[in-house]
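**Q** Here's a structure for you.
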Amino acid sequence: MRDTLLSEHLLAWYDRHARDLPWRVGPADRAAGIRPDPYRVWLSEIMLQQTTVAAVRSYFHAFTTRWPNVAALAAAEDADVMAAWAGLGYYARARNLLKCARQVVTEHGGRFPETREALLTLPGIGPYTASAIAAIAFDEPATVVDGNVERVMARLHDVQTPLPTAKKELTALAERHTPNERPGDYAQAVMDLGATICTPKSPACGICPLREDCDARRAGHAAELPRKLPKKPKPTRHGIAYIARRDDGAWLLETRPDKGLLGGMLGWPTTDWSDDPAPAPPLPADWQTLDAEARHTFTHFHLRLAVQIATVPATSAPDRGQFHPANSFRPADLPTVMRKAFDLAAATLRDL
DNA sequence: TAAACGTGGCC
DNA sequence: TGGCCAAGTTT
């Protein structure tokens, strides 16, 4: 049994309040039968994983301008794609993005598969993203369950079970509400509702299109849901970044291994990040320790990164990494923690 | 199942 | 300042 009335309320609200986003097809085009481009839907959904719309906008524009379709992206250099992703975080997404694009070209003739089941086999596409692409691009009534949907369902049905235990229960509730008509618009409607009305902290229940249906609002504790299990505290780790500038202006950088933290990204050679790391300079030099350190918080630990700088002669042969000429080095190509270290070094070098 | 995996904005 | 939070996936 489907809750038809609720999905119709939500779709009516969406028709009036849908946000105009670059990867969406506007109401007029949609009425004219124009479908969203699966490539743009896919790219936006990967970028939006655990990431806000505000952070994604400029990256989406840059990617679609430079690589307008999946074949173009599949043909790109790994380093160019990683550099273009720099700053957006969760870099495994960028590595899987390329893998997926190439797989779509080599195994699917350059067209995205059109079912949730087939989409699930592609790298970087999990249960959420497969449903989102299937519903939005291909009109399959797949149920989309992201953080927004979990929150809306927990409140609508006053689910007291904490996450992540409640996940299955919330998914079942979401399935019950998914309509066969306009499933893509419905999916985006729930997520828009969660992003703009049914927000985590202070939900705007007074203007919510579902306020008459919401059990938690009736009980007066919508803002307390969904409940969550307590999180583990983040430890603090320490490290040293080595920033070497050759006297012709080239910078010593290394491409990090594909696996693990910041995998595949360009960065300064560093020690390991631990309680008390052993010094590990990439070449012998007169290393100067900066007064300030770069502070950065990752998903599961805080990092305090000391920065050492050195100017080295043109004959230098580093143990690891390679020199990048000054004219081809852009700080924006670095992940944020590495850019923070560079900013400290650049400020010091300016003052010398 | 739980841990790994980024970053920026907000309060 | 520091914890919480955001359109999750992989191992």
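The values are calculated or read from the model by the stated rules, or taken from the named source; none is laboratory data. Because the structure is a prediction, the values reported are computed rather than measured. Positions of Cβ are backbone-derived with ideal geometry, glycine not excepted, and every protein chain shown enters the neighbour counts. Heavy atoms of the whole protein, side chains included, go into the accessibility calculation; ligands, DNA and RNA do not. Shrake-Rupley method; radii C 1.70, N 1.55, O 1.52, S 1.80 Å.
**Q** HN-Hα J couplings of the stretch A:239-250 from phi, Karplus 6.51/-1.76/1.60, θ = phi - 60°, integer Hz, Gly and Pro as x?
**A** Calculated HN-Hα couplings, in order: x, 10, 9, 10, 10, 9, 10, 6, 5, 8, x, 6 Hz.
**Q** Now, a different point. Using only Cα atoms, figure out Rg for the stretch A:236-351 and give it as a multiple of 2.2 N^0.38 Å.
**A** On the way: Rg = 13.3 Å, N = 116, 2.2 N^0.38 = 13.4 Å.
The reported ratio for this selection is 0.99.
**Q** Which one, A:270, A:349, A:216, is farthest towards the positive end of the dipole of chain A when Lys and Arg carry +1 and Asp and Glu -1 on their Cβ?
**A** Towards the positive end, the residue furthest out is A:216.
**Q** Ignoring ligands, DNA and RNA, what percent of the accessible area of chain A is carbon or sulfur (1.4 Å)? Each step should come with its number before you reach the end.
**A** Details: 9210 of 17680 Å².
Carbon and sulfur: 52 percent of the exposed surface of chain A.
**Q** For chain A, calculate the relative contact order in percent as a whole number, restricting contacts to Cα pairs under 8 Å that are 6 or more residues apart.
**A** Answer for chain A is 16 percent.
**Q** Can you tell me the convex hull volume per residue for the stretch A:190-252, based on C-alpha atoms, in Å³ to the nearest whole number? Write down the numbers at each step before the final one.
**A** Details: hull volume 11.7 nm³, N = 63.
Expressed per residue, the convex hull around the Cα atoms of the stretch A:190-252 is 185 Å³.
**Q** Right, here's the next one. Hey, can you grab everything whose amide H is under 5 Å from the amide H of residue A:266? Only 5+ residues off in sequence or another chain; H modelled, so Pro and N-termini drop out.
**A** A:256
**Q** In nm, to one decimal, how far is the residue A:302 label point from the residue A:16 one, both placed 7 Å along Cα→Cβ?
**A** For the pair residue A:302/residue A:16, the computed spacing is 4.6 nm.
**Q** Ignoring everything except DSSP H segments at least 4 long, calculate the 222 nm mean residue ellipticity for chain A; use -39,500 (n - 2.57) per segment, divide by total residues, nearest 500. Provide the component values of the computation, followed by the final result.
**A** Working: 14 runs with 146 residues, N = 352.
Result for chain A: -12500 deg cm²/dmol, rounded to the nearest 500.
**Q** Determine by what factor the alpha-carbon radius of gyration of the stretch A:4-224 differs from 2.2 N^0.38 Å, reporting the quotient. It would help to have the intermediate numbers written out before the result.
**A** Working: Rg = 17.8 Å, N = 221, 2.2 N^0.38 = 17.1 Å.
In units of the 2.2 N^0.38 Å rule of thumb, it is 1.04.
**Q** Continuing with this model, one more query. May I ask you to give the solvent-accessible area per residue for chain A, in square angstrom, as obtained with a 1.4 angstrom probe? Let's see the in-between values first.
**A** On the way: 17680 Å² over 352 residues.
Heavy-atom SASA per residue in chain A reads 50 Å².
**Q** State the Cα centre-to-centre distance between the stretch A:218-247 and the stretch A:24-44 in whole Å.
**A** Each part reduced to its Cα centre gives a spacing of 35 Å.
**Q** Along the charge dipole of chain A, Cβ charges K/R +1 and D/E -1, which of A:188, A:284, A:42 sits furthest on the positive end?
**A** Sorting the options by dipole projection puts first A:188.
**Q** Here's a follow-up. What is the helix-to-structure angle for A:53-66, meaning the angle in degrees between its Cα long axis and the longest Cα principal axis of chain A, kept from 0 to 90 and rounded to the nearest 10?
**A** Rounded to the nearest ten degrees, it is 70.
**Q** Then there's this: Mind ranking A:36-48, A:5-17 by how tightly packed they are, going by the mean number of other C-beta atoms within 10 angstrom, highest first? Could you put the intermediate results ahead of the total?
**A** Values: A:36-48: 21.8, A:5-17: 15.6.
Top to bottom by mean Cβ count within 10 Å: A:36-48, A:5-17.
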